[in-house]
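I have placed the structure first, in the form of structure tokens, so that the comments after it can refer back to it.
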Amino acid sequence: MDAVDAYPEFANRHGMAPLIITTNESGGDETGCAAASSLLHEHPEVNAIYATVNAFAVDVVRR
């Protein structure tokens, strides 16, 4: 089972609404940063992000 399949089940068990965004790795270094910015703009209540690709995790931190 991958993270995209497992997360909604986890969120539902813990009474949270699952928020999932996906990006294309070929988008370059700024892809993760742009995705995180968009997510946090639309959902300022978010207090954690799980990035399945290391480069995107670095981009999220740079955000």
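The values are calculated or read from the model by the stated rules, or taken from the named source; none is laboratory data. Since we're looking at a predicted model, the values are computed, not measured. Please note: Cβ atoms are built from the backbone with ideal geometry, for glycine as well, and neighbour counts cover all protein chains shown. Side chains are part of the model used for accessible areas, which takes the heavy atoms of the whole protein and leaves out ligands, DNA and RNA. Shrake-Rupley method; radii C 1.70, N 1.55, O 1.52, S 1.80 Å.
Express the carbon and sulfur contribution to the solvent-accessible surface of the chain as a percent, rounded to the nearest whole number, probe 1.4 angstrom. Don't jump to the answer; show the numbers that get you there.
Details: 2550 of 4770 Å².
Roughly 53 percent of what the probe reaches on the chain is carbon or sulfur.
Among ILE21, LEU40, TYR7, whose Cα projects farthest towards the positive end of the dipole of the chain, with charges put on the beta-carbon of Lys, Arg (+1) and Asp, Glu (-1)?
After comparing all options, I get LEU40.
Indicate the gyration tensor shape class of the chain (rounded, prolate or oblate), computed on the Cα atoms with a ≥ b ≥ c the square roots of the eigenvalues: a/c under 1.5 is rounded; otherwise a/b larger than b/c is prolate and the rest oblate. Provide the component values of the computation, followed by the final result.
On the way: a/c = 2.39, a/b = 1.45, b/c = 1.64.
Here the chain falls in the oblate category.
Roughly what angle does helix 3-13 make with the longest principal axis of the chain, taking Cα atoms, 0 to 90 degrees, to the nearest 10?
40 degrees
Before I look further, what does the chain give for accessible area per residue, probe 1.4 Å, in whole square angstrom?
Working: 4770 Å² over 63 residues.
The answer is 76 Å² per residue.
Just to check I understand the Karplus step: with θ = phi - 60° and J = 6.51 cos²θ - 1.76 cosθ + 1.60, what whole-Hz values come out for region 50-62, glycine and proline as x?
10, 9, 7, 10, 3, 4, 5, 4, 5, 4, 4, 5, 5
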